[in-house]
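Inspection log for the structure reproduced underneath, given as structure tokens.
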Amino acid sequence: MSKEKIIIANWKMKISLSESKQLAQDLIDPLKEIKGIEIAVAPNFLSVCDVADILKDTSLKICSQDAFWEQQGAYTGEISPQLLKEAGCEFIIIGHSERRKFMMENYEMIHKKTKLVLETEGVTPVVCIGENWDERKTDRRDFVLFDQLQQALGGLKFGQGDRIIVAYEPIWAIGSGTAIEPAEAEYAHKVIRLTLNDMFGKDVVDENFQIIYGGSINSSNVVGFLGLENIDGMLVGGASLNAEEFAKVIKSFNK
Ligand code: 13P
């Protein structure tokens, strides 16, 4: 598995179809010389095909913001991992805290989605976990991370070449404008890695897993996260909506 660091831009539902196309276009030039880091963008569902088409001759990859837990059938309004793969996606975000909050996504749904994405060849799940402010303040973070990992991934099997990304996104840092201290993120990532080691064995984790951080990352604070042992990349929201700023984030993190 590639051990390059990875940066994923989550555009959420923040820009229109035409803005998504423009942003994809605007990214091509500033990112064309960048090597040694994997980059993906996650447009809204409607924009995936157009953005994939615009980026097809570049090294930039496409990520979906969600997927359903069945491949096909009478599921009005849903999109399967297979369809997303056909549209050009190589990554699929699962269980983002905004979906847990607004779509009432629960542990069982997240587990089923993760399992199906893993079973779909050619797409990698990006499973989001993270504590809220109350849980952090009352020192329950480690258990919350442990519990969310167990619920999302417990019982799954990983074979050679299977890849899975866990995104640690402390809910209280998302959209706040202030990322958490890099040392705190490194600690949380260590907790995640040790939990995964207990669940699947260190060899499997070293081979198949990457752990990335998300929550108010921008070009000024990303340098603090450089070189930390357990941080394999970034999931960037707001700062990825401007091509110049996103390119700066990537360049700063890829020194
Ligand atoms: P912000 O970078 O806007 O805080 O969003 C982070 C996030 O939720 C990425 O999935």
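Things worth noting here:
- Between Asp147 and Asp206, residue separation times 0.36 nm minus the direct Cα-Cα distance comes to 19.2 nm.
- Toward the positive end of the charge dipole of region 91-214, with +1 on the Cβ of Lys and Arg and -1 on the Cβ of Asp and Glu, the farthest Cα among Gly177, Val117, Leu153 is that of Val117.
- By the count of neighbouring beta-carbon atoms within 10 Å, fewest first, Lys12, Lys101 end up ordered Lys101, Lys12.
- Over the chain: helical MRE at 222 nm, DSSP H runs n ≥ 4 each giving -39500 (n - 2.57), nearest 500: -12000 deg cm²/dmol
- Once the Cβ-Cβ distance of Lys112 and Ile28 is raised to the sixth power relative to R0 = 41 Å, the FRET efficiency obtained is 0.70.
- Long-range HN-HN contacts of Ala167 with modeled amide H, under 5 Å: Val127, Cys128, Ile129, Ile212
- Which listed pairs, of Lys12/Lys112; Lys85/Lys115; Lys32/Lys61; Lys101/Lys251, have C-alpha distances above 24 Å, in listed order: Lys101/Lys251
- Rounded to the nearest whole Hz, the Karplus-based 3J(HN,Hα) values (6.51 cos²θ - 1.76 cosθ + 1.60, θ = phi - 60°) of region 213-226 follow the sequence 10, x, x, 6, 6, 9, 5, 7, 9, 5, 4, x, 9, 5, with x at glycine and proline.
- Rel. contact order, % - alpha carbon contacts under 8 angstrom, at least six apart, the chain: 20
- Efficiency of FRET between Ala183 and Asn254 - r from beta-carbon atoms, R0 25 angstrom, step 0.05: 0.75
- For the chain, a Gaussian network of Cα nodes joined below 10 Å ranks Glu70, Glu229, Glu186 by mean-square fluctuation, and the top entry is Glu229.
- Ordered from longest to shortest, the equivalent ellipsoid semi-axes for the chain are 25, 22, 18 Å, each the square root of 5 times a Cα gyration tensor eigenvalue.
- Derived scalar couplings ³J(HN,Hα) [region 234-245; Karplus, 6.51 cos²θ - 1.76 cosθ + 1.60; whole Hz; x for Gly, Pro]: 9, 10, 10, x, x, 5, 8, 8, 10, 4, 5, 5
- Using bins of 5 Å that start at zero, the share of Cα-Cα pairs per bin across region 127-238 amounts to 2, 12, 24, 25, 19, 12, 6, 1, in whole %.
- ³J(HN,Hα) computed for each position of region 65-70 - Karplus, 6.51 cos²θ - 1.76 cosθ + 1.60, integer Hz, glycine/proline x: 8, 5, 7, 7, 9, 10
- Spacing of the two label points (7 Å from each Cα toward its C-beta) at Ala74 and Glu119, in nm: 2.1
- Shape call, region 13-165: gyration tensor on alpha carbons, a/c limit 1.5: prolate
- Charges were assigned to the Cβ only: +1 to each Lys and Arg, -1 to each Asp and Glu. The resulting dipole of the chain about its Cα centre is roughly 140 debye.
- Relative packing of 102-108, 91-97, 128-134, which averages over residues the other C-beta atoms within 10 Å, highest first: 91-97, 128-134, 102-108
FYI, it's all coordinate maths here, none of it is from the lab. What you see is a predicted model; the values in this text were computed from it and never measured. Cβ: placed from backbone, ideal geometry, glycine included. Neighbour counts: every protein chain shown.
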